[in-house]
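K.L.:
So that we are looking at the same thing, I have put the structure below in structure tokens.
The values are calculated or read from the model by the stated rules, or taken from the named source; none is laboratory data. Computed from a predicted structure; not experimentally measured. Here the Cβ positions follow ideal geometry from the backbone for every residue, glycine too, while neighbour counts run over all protein chains shown. Only protein heavy atoms, including side chains, enter the accessible area calculation; ligands, DNA and RNA are left aside. Shrake-Rupley method; radii C 1.70, N 1.55, O 1.52, S 1.80 Å.
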Amino acid sequence: MMAPTPPHPIVVSPFGVVYAVGLLVAVFAIMIVLAFVIRKFLRDRSRSGPGDWSESKPDTDNASAFMTASMQGVIEKLRTQEKELARLHLVAQERAQESERLTEEVTRNMPTGLLLVSATGAIGSSNPAAEEALGMRPLRYRSYKDVLGAECELTRMLTACLKDGQTFQRAEVEHVTTEGEARHLGVTISPIFRPARNMARAAGSPASAPEKKISGALCLMSDLTELTALQKQIRWKENLAALGEMSAGIAHEFKNAVATVSGYAQMIRSEAPAGGDIRESADRILDQTRALTHVVTEFLRFAKPLEICYETVPMHSLVQSIADELHEVIPQCTIAQQGSFEELPGDEALLRQALLNLARNGAEAAQAGGNTPRLTISGTIEDLGGRKWQRICVADNGPGIPQSDLPKIFLPFYTTKSEGTGLGLAVVQKVALQHGGSVEARNQPGGGAEFLLWLPLRQESSPSLFPSQAARI
């Protein structure tokens with residue numbers, strides 16, 4: 001909720017002030033004229049003898065009546081002008097209050113975030129859009145360095161604006177909220193100037209332009225997180241399309257060459273005596289050709305377009321079957337299930353492959369870290385963007401993912417394993433995208449990594465690409 005805006009000071013129309021001053025000058029002139037008339041009357045009366053007193057009395061009465069009537073007229077005019085000034089003052093005050101209310105409504109309902117920072121660094125005004133974009137409220141009367149953080153790029157830009165008067169137009173910055181959520185903001189920052197008091201210049205010196213002093217900074221911001229995610233997804237799909245076109249011919253020729261090498265190695269192995277060096281070398285060649293064949297097969301599976309056969313997939317039983325399958329492959333791995341899983345439309349085989357890749361990746365990471373593998377697969381139903389989503393979290397007790405690797409783990413052929421192909425997580429992302437969902441990876445505060453898979457509970461003609469503002473694809 002916005003802090004109340006202090007009331008505007010009373011505004012008096014300059015026309016009313018000038019009119020009142022003119023009226024006072026007119027009254028003063030009238031009083032001088034009356035004083036002059038009375039003085040002349042008294043001087044004439046003093047010159048006349050005592051016998052003329054009875055004859056001058058009517059003139060004295062007429063002068064007194066004239067003076068009284070004139071003063072009453074002036075007083076009535078003053079009262080009338082006083083009422084007019086009060087009316088004008090009331091109208092000006094109502095206009096100021098109406099302007100203030102309109103300004104507050106416009107600021108409150110702006111879709112763009114607004115921050116007004118004073119020269120001392122205090123946030124003088126903000127609106128709900130700014131509080132939502134920064135993930136913090138209230139903002140008013142707080143230092144922008146305390147709100148944004150001293151090392152934030154937005155803090156440095158505001159400091160440069162307040163100190164040097166720099167203007168930033170349509171800049172893009174990263175901001176991390178107090179909850180650890182990264183947001184991509186588009187900002188425009190401009191200084192606010194006010195005329196500075198000029199010192200008295202020497203006689204004969206040329207007139208200089210009025211100096212300006214920075215009294216604050218105006219910052220407009222928009223949350224571009226979803227737009228940035230959309231751009232990344234578009235680039236990702238374009239790269240997949242180009243990769244698929246290029247890989248079709250290359251992989252075919254590569255498989256033919258590997259098959260030829262494997263055939264000759266099998267012939268050499270069959271003709272070589274047992275236990276000899278030639279037979280051992282042939283076995284090594286066969287092992288390497290099998291590994292290369294596996295890589296090519298995975299590559300083709302990743303590069304070719306996915307053909308999704310939509311059906312109703314019971315996620316609870318699917319997760320249970322994946323846990324059983326992983327336990328057979330890695331018996332020492334402990335797998336816990338919790339939360340709610342609902343049925344959703346999708347390709348069961350592809351979803352099984354994606355979840356199995358995530359679970360196996362977590363178990364192998366825990367093993368590599370020297371821990372007994374322990375996985376937790378939890379499900380929740382989220383209502384975001386007017387749609388319902390199945391959120392599946394696969395958490396492990398491994399060492400976690402290095403911060404430098406987090407932005408790259410979904411890239412094809414990127415792996416930190418000595419025997420990995422680097423396509424497992426890339427396939428998971430492709431399956432999620434084809435189902436209109438997303439996947440993200442992050443480290444847990446208590447250790448270990450977790451992968452979040454978002455899948456829509458209902459497919460639409462134009463599926464949303466953003467199940468969560470926290471999704472980073």
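K.L.:
Between a residue in the stretch 389-417 that is within 24 Å of His435 (Cβ to Cβ) and any residue that is crowded, with 20+ Cβ neighbours inside 10 Å and aromatic (Phe, Trp, Tyr), which pairs come within a Cβ distance under 6 Å, given they are 6 or more apart or on different chains?
P.N.:
Correct list of pairs: Trp389/Trp454; Arg391/Trp454; Val394/Phe451.
K.L.:
Please go through (1) in a helix (DSSP H, G or I); (2) hydrophobic (A, V, I, L, M, F, W, C); (3) at pLDDT below 80 for Ala274 and return the number of the only condition it doesn't satisfy.
P.N.:
So the condition that Ala274 fails would be (1).
K.L.:
Taking Glu307 as the residue in question, decide whether it is of a type in the set (Asp, Glu) and at pLDDT 90 or above.
P.N.:
On the way: of a type in the set (Asp, Glu): yes; at pLDDT 90 or above: no.
Considered against the rule, which asks whether it is of a type in the set (Asp, Glu) and at pLDDT 90 or above, Glu307 comes out as no.
K.L.:
Another one. With respect to Ala426, determine if the residue is touching a Lys or Arg at 6+ places or on another chain (Cβ under 7 Å) and either within 30 Å of Gln288 (Cα to Cα) or open to solvent by 40 Å² or more (accessible area, probe 1.4 Å) (or both). Working first, answer last.
P.N.:
Numbers: touching a Lys or Arg at 6+ places or on another chain (Cβ under 7 Å): no; either within 30 Å of Gln288 (Cα to Cα) or open to solvent by 40 Å² or more (accessible area, probe 1.4 Å) (or both): yes.
Considered against the rule, which asks whether it is touching a Lys or Arg at 6+ places or on another chain (Cβ under 7 Å) and either within 30 Å of Gln288 (Cα to Cα) or open to solvent by 40 Å² or more (accessible area, probe 1.4 Å) (or both), Ala426 comes out as no.
K.L.:
Would you tally the residues in the stretch 151-172 being more than 22 Å from Lys212 (Cβ to Cβ) and open to solvent by less than 70 Å² (accessible area, probe 1.4 Å)?
P.N.:
Going through the stretch 151-172 one residue at a time, the tally reaches 4.
K.L.:
Given the condition modelled with pLDDT under 80, open to solvent by 30 Å² or more (accessible area, probe 1.4 Å) and either acidic (Asp, Glu) or assigned to a helix (DSSP H, G or I) (or both), answer yes or no: does some residue in the stretch 176-190 qualify?
P.N.:
Within the stretch 176-190, one or more residues are modelled with pLDDT under 80, open to solvent by 30 Å² or more (accessible area, probe 1.4 Å) and either acidic (Asp, Glu) or assigned to a helix (DSSP H, G or I) (or both).
K.L.:
Right, another one. Hey, can you tell me all the residues within the stretch 352-376 that are among the charged types (D, E, K, R) and under 20 Å from Gln429 (Cα atoms)? Steps first, please.
P.N.:
As a first pass, look at the stretch 352-376 and keep what is among the charged types (D, E, K, R): 352, 360, 364, 374.
Once the filter is applied, which keeps residues that are among the charged types (D, E, K, R) and under 20 Å from Gln429 (Cα atoms), the stretch 352-376 yields Arg352, Arg360, Glu364.
K.L.:
Turning to a different aspect of this structure: Provide a single number: the residues in the stretch 342-371 that are part of a loop (DSSP other than H, G, I, E, B) and open to solvent by less than 30 Å² (accessible area, probe 1.4 Å). So that I can check it myself, show each step before the final result.
P.N.:
Pass one, the stretch 342-371, residues part of a loop (DSSP other than H, G, I, E, B): 342, 347, 369-371.
The next check asks that each one be open to solvent by less than 30 Å² (accessible area, probe 1.4 Å); those that pass are 347.
Total satisfying the criteria: 1.
K.L.:
A follow-up question, please. Evaluate the stretch 224-245: report whether one residue or more is farther than 30 Å from Thr380 by Cα and either among the β-branched types (Val, Ile, Thr) or at pLDDT 85 or above (or both).
P.N.:
Looking for residues that are farther than 30 Å from Thr380 by Cα and either among the β-branched types (Val, Ile, Thr) or at pLDDT 85 or above (or both), one finds none in the stretch 224-245, hence no.
K.L.:
With respect to Thr107, is the statement that it is of a type outside the set (D, E, K, R) and assigned to a helix (DSSP H, G or I) true?
P.N.:
Working: of a type outside the set (D, E, K, R): yes; assigned to a helix (DSSP H, G or I): yes.
Considered against the rule, which asks whether it is of a type outside the set (D, E, K, R) and assigned to a helix (DSSP H, G or I), Thr107 comes out as yes.
K.L.:
Restricted to the stretch 312-336, and to residues that are closer than 29 Å to Gly370 by Cβ and open to solvent by less than 30 Å² (accessible area, probe 1.4 Å), which residue is farthest from the chain's Cα centre (by Cα)?
P.N.:
For the stretch 312-336, the residue satisfying everything is Ile330.
K.L.:
Go through the stretch 73-94 and give me each residue that's in contact (Cβ under 8 Å) with a residue 24 or more places away in the chain and either open to solvent by 40 Å² or more (accessible area, probe 1.4 Å) or not β-branched (Val, Ile, Thr) (or both). Outline the logic, then answer.
P.N.:
Kept after step one, since they are in contact (Cβ under 8 Å) with a residue 24 or more places away in the chain, are these residues of the stretch 73-94: 74, 77-78, 81, 84-85, 88-89, 92-93.
Within the stretch 73-94, Lys77, Leu78, Gln81, Glu84, Leu85, Leu88, His89, Ala92, Gln93 meet the criteria.
K.L.:
Still on this structure: If I ask for residues that are within 14 Å of the chain's Cα centre (by Cα) and either more than 17 Å from Leu154 (Cα to Cα) or surrounded by fewer than 16 Cβ atoms within 10 Å (Cβ to Cβ) (or both), which ones from the stretch 113-134 would you list?
P.N.:
The answer is Asn127, Pro128, Glu132.
K.L.:
Now, a different point. Go through (1) open to solvent by 10 Å² or more (accessible area, probe 1.4 Å); (2) assigned to a strand (DSSP E or B) for Phe451 and report which single condition fails.
P.N.:
Just one mismatch for Phe451, condition (1).
K.L.:
Can you confirm whether Gly400 is modelled with pLDDT under 85 and assigned to a loop (DSSP other than H, G, I, E, B)? Give the steps one after another, and end with the answer.
P.N.:
Details: modelled with pLDDT under 85: no; assigned to a loop (DSSP other than H, G, I, E, B): yes.
The answer is no for Gly400.
K.L.:
Now a separate question. How many residues, within the stretch 72-129, are in contact with a helix residue (DSSP H, G or I) (Cβ under 9 Å, 6 or more places away or on another chain) and of a type in the set (Asp, Glu)?
P.N.:
2
K.L.:
Against the conditions (1) loosely packed, with under 14 Cβ neighbours inside 10 Å; (2) basic (Lys, Arg); (3) assigned to a loop (DSSP other than H, G, I, E, B), where does Arg140 fall short? Just the number, please.
P.N.:
Against the list (1) loosely packed, with under 14 Cβ neighbours inside 10 Å; (2) basic (Lys, Arg); (3) assigned to a loop (DSSP other than H, G, I, E, B), Arg140 comes up short only on (1).
K.L.:
Can you name the condition, by its number, that Glu382 falls short on among (1) crowded, with 16+ Cβ neighbours inside 10 Å; (2) in contact (Cβ under 8 Å) with a residue 60 or more places away in the chain; (3) among the charged types (D, E, K, R)?
P.N.:
With (1) crowded, with 16+ Cβ neighbours inside 10 Å; (2) in contact (Cβ under 8 Å) with a residue 60 or more places away in the chain; (3) among the charged types (D, E, K, R) applied to Glu382, the lone miss is (1).
K.L.:
Does Thr297 satisfy the condition of being modelled with pLDDT under 90 and either assigned to a helix (DSSP H, G or I) or exposed (fewer than 15 other Cβ atoms within 10 Å of the Cβ) (or both)? Quick ask: steps written out before the conclusion?
P.N.:
Numbers: modelled with pLDDT under 90: yes; either assigned to a helix (DSSP H, G or I) or exposed (fewer than 15 other Cβ atoms within 10 Å of the Cβ) (or both): yes.
When the stated conditions are applied, Thr297 passes them.
K.L.:
Give all pairs with beta carbons closer than 7 Å in which a residue from the stretch 344-364 that is in contact (Cβ under 8 Å) with a residue 24 or more places away in the chain and of a type in the set (D, E, K, R) meets a residue that is open to solvent by less than 10 Å² (accessible area, probe 1.4 Å) and outside any helix (DSSP H, G or I); count only pairs at least 6 apart in sequence or on separate chains.
P.N.:
Partner pairs satisfying both residue conditions: Glu348/Val313.
K.L.:
For residues that are of a type in the set (Gly, Ala, Ser) and open to solvent by less than 80 Å² (accessible area, probe 1.4 Å), scanning just the stretch 254-274, find the one that is farthest from Leu350 (Cα to Cα). Lay out the reasoning, then the answer.
P.N.:
Pass one, the stretch 254-274, residues of a type in the set (Gly, Ala, Ser): 257, 259, 262-263, 265, 270, 272, 274.
So of that shortlist, the ones also open to solvent by less than 80 Å² (accessible area, probe 1.4 Å) come out as 257, 259, 262-263, 265, 272.
Values: Ala257: 30, Ala259: 28, Ser262: 30, Gly263: 33, Ala265: 35, Ala272: 44 Å.
Here the answer is Ala272.
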